[in-house]
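Just below is one structure, and these are the notes that go with it.
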Amino acid sequence: MSDQEKKPFDFMGLRKAASVLSIALVVASILLLAVRGLNLGLDFTGGTSVEFEYTEAPALEDVRTTLTEAGYEQFVVQNFGSDTTVLVRLAEADNDKVGLEVAEALKASGAELELISSEFIGSQVGEELREDGGLGMLLALAVVLIYVGMRFQFKFGIASVVPLAHDVIIVLGVFALFQWTFDLSVLAALLAVIGYSLNDTIVVADRIRENFRKMREGDSWHIINASIHQTIRRTINTSGTTLVVLLALYLFGGEAINNFSLALIIGVVVGTYSSIYVAANMLLALHISREDLQLPQKEGAVGEEVEEEEPPEWLNRM
């Protein structure tokens, strides 16, 4: 028996269990967001941003240790433009002494530095960022719905947007569960997850549409199952190589991008799952059929026989 004739794994046979899992994860995530909420970072809550210029490039971990010993609790330390320029963001009230106090604490550890600037970011700016970020994600989902609906068919548009919303909600739920800091870098990661998950879903959708037009036998269940089987290797290879890069970023990229990497790792795993099960389940729930995907008949083609590919042997035995 050739590889093409081997009966594929019955992905759709697990669709009910997958549906229960997806619904449970989404409901749990919504409850976590409602009860615990997100641990919003300084980008959204406001605080003081202080910039320093060191004579020699400091170890950022040493800077964090010094600030912790000085009594500061919520802060972010990262390089800004060069190895000798350090940006410190603190959840401190607006006053003229914050920058000077932080500089004195760092100098007390033996560091040679110069205070460049000290700025206060109000909570109103953070609120605007939250609103703009939420609107950005909603706009992205709306554009995806319109694009996929025009590119394929409206049912495919719905089946593409639902997995994207599913992925974003679950990532937010995990951040609410562990109270990881949610800042602008995580928001950027969520938008990247939408793009990644959409790309995966489009590949599967394209093969489903192609097989609906080529296979003369088999119902929607069989055709969708065959399409997933034909694209699963590509999906696993793409997700696997992406995860290797993200794990490297998480392990070696430093604290500044840890949460960004975590959000993407969770998003890639959940997005790979949703492109297979959530999107396919939605198509079956919407009763996708050959009639939905038929090409418009050309003039003069009435009565002409259209050549179609014979289904593989395993399809007839399913």
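The values are calculated or read from the model by the stated rules, or taken from the named source; none is laboratory data. Bear in mind that the values here come from a model prediction, so they are computed numbers and not experimental data. So basically every Cβ, Gly included, is an ideal-geometry build from the backbone, and we count neighbours across all protein chains shown. Heads up: the accessible areas ignore ligands, DNA and RNA and are worked out on the full protein's heavy atoms, side chains in. Shrake-Rupley method; radii C 1.70, N 1.55, O 1.52, S 1.80 Å.
Residues that are within 30 Å of residue 110 (Cβ to Cβ): list the helices (runs of 4 or more DSSP H) wholly contained in the stretch 6-72 that include at least 3 such residues.
60-69
All but one of (1) open to solvent by 10 Å² or more (accessible area, probe 1.4 Å); (2) touching a residue at least 24 places away in the same chain (Cβ under 8 Å) hold for residue 219, so report the exception by its number.
Of the numbered conditions (1) open to solvent by 10 Å² or more (accessible area, probe 1.4 Å); (2) touching a residue at least 24 places away in the same chain (Cβ under 8 Å), the odd one out for residue 219 is (2).
Could you identify the single residue in 108, 140, 93 that is at pLDDT 85 or above and either of a type outside the set (Val, Ile, Thr) or over 19 Å from residue 205 (Cα atoms) (or both)?
When all the criteria are applied, what remains is 108.
Here is a yes/no grid of residues against (1) modelled with pLDDT under 75; (2) of a type in the set (Asp, Glu); (3) over 25 Å from the mean Cα position of the chain (by Cα); (4) part of a helix (DSSP H, G or I):
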| site | (1), (2), (3), (4) |
| --- | --- |
| 87 | no, no, yes, no |
| 114 | no, yes, yes, no |
| 128 | yes, yes, no, yes |
| 145 | no, no, no, yes |
| 155 | no, no, no, yes |
| 158 | no, no, no, yes |
| 164 | no, no, no, yes |
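So residue 301 clears everything in (1) at pLDDT below 80; (2) among the small types (Gly, Ala, Ser); (3) under 30 Å from residue 78 (Cα atoms) except one condition, right? Which one?
(3)
Looking only at the stretch 46-61, count how many residues are open to solvent by 30 Å² or more (accessible area, probe 1.4 Å) and closer than 13 Å to residue 76 by Cα.
Of the residues in the stretch 46-61, 3 are open to solvent by 30 Å² or more (accessible area, probe 1.4 Å) and closer than 13 Å to residue 76 by Cα.
Before we move on, is residue 227 under 24 Å from residue 43 (Cβ atoms), of a type in the set (Gly, Ala, Ser) and either open to solvent by less than 20 Å² (accessible area, probe 1.4 Å) or assigned to a helix (DSSP H, G or I) (or both)?
Taking the combined requirement at face value, the residue does not satisfy it.
With the structure loaded, tell me whether residue 120 is among the aromatic types (Phe, Trp, Tyr), within 20 Å of the chain's Cα centre (by Cα) and under 30 Å from residue 78 (Cβ atoms) or whether it fails that test. So that I can check it myself, show each step before the final result.
Values: among the aromatic types (Phe, Trp, Tyr): yes; within 20 Å of the chain's Cα centre (by Cα): no; under 30 Å from residue 78 (Cβ atoms): yes.
Considered against the rule, which asks whether it is among the aromatic types (Phe, Trp, Tyr), within 20 Å of the chain's Cα centre (by Cα) and under 30 Å from residue 78 (Cβ atoms), residue 120 comes out as no.
Residue 86 passes all but one of (1) open to solvent by less than 50 Å² (accessible area, probe 1.4 Å); (2) more than 20 Å from residue 183 (Cα to Cα); which number fails?
(2)
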